[in-house]
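Structure first, commentary second.
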Amino acid sequence: MAGKAGIVVNVGPHAPDMPGMFVNLGGGYARTVEVFTAAAAALQASGRARPDAAGQQAGVAAVWTFQQQDFPAQGRVRVRVGASGYVHAGLTQAGGRWDPVYELPLIPAPHGMLEAVLPPDTDAFTFFWTEAPQGSAANFVTCSR
């Protein structure tokens, strides 16, 4: 199941030696609610801007890949890559500082790719990899409009 879902959070009895991303949380329903409530509060207090609710459901969006680096001056951009991680994106302010800043997880997309849809106010992005990319992607730093 973890291979299809990405991560499985087990709230029941400890299940040793499970394949994939399997987290033994334990403690049942009450413990699960407690942990997720604390995690949500920590995320809200982090000061990070939230992507809009339509983020991953963006209809028409330019597709950016390492082979086709299309980052138009306006409109939504769907970043599609072959390695797991996060897109670190933002709007460039005076002095080069990004504000707001977004951390967008790369989620499964067709053909074994992973993708994230950038918020409309984004004008620059880079990557935080959780899996080493292959080829020229390993040296990629920042893309901006």
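The values are calculated or read from the model by the stated rules, or taken from the named source; none is laboratory data. Model, not experiment: these values are computed from the prediction.
Couple of notes before you dig in:
- Filter pass, A73 being of a type in the set (G, A, S) and outside any loop (DSSP other than H, G, I, E, B): no
- Number of residues in region 89-120 that are small (G, A, S) and outside any strand (DSSP E or B) equals 5.
- Evaluation of T130 against (1) modelled with pLDDT under 90; (2) β-branched (V, I, T); (3) closer than 20 Å to P72 by Cα (one fails), failing number: (3)
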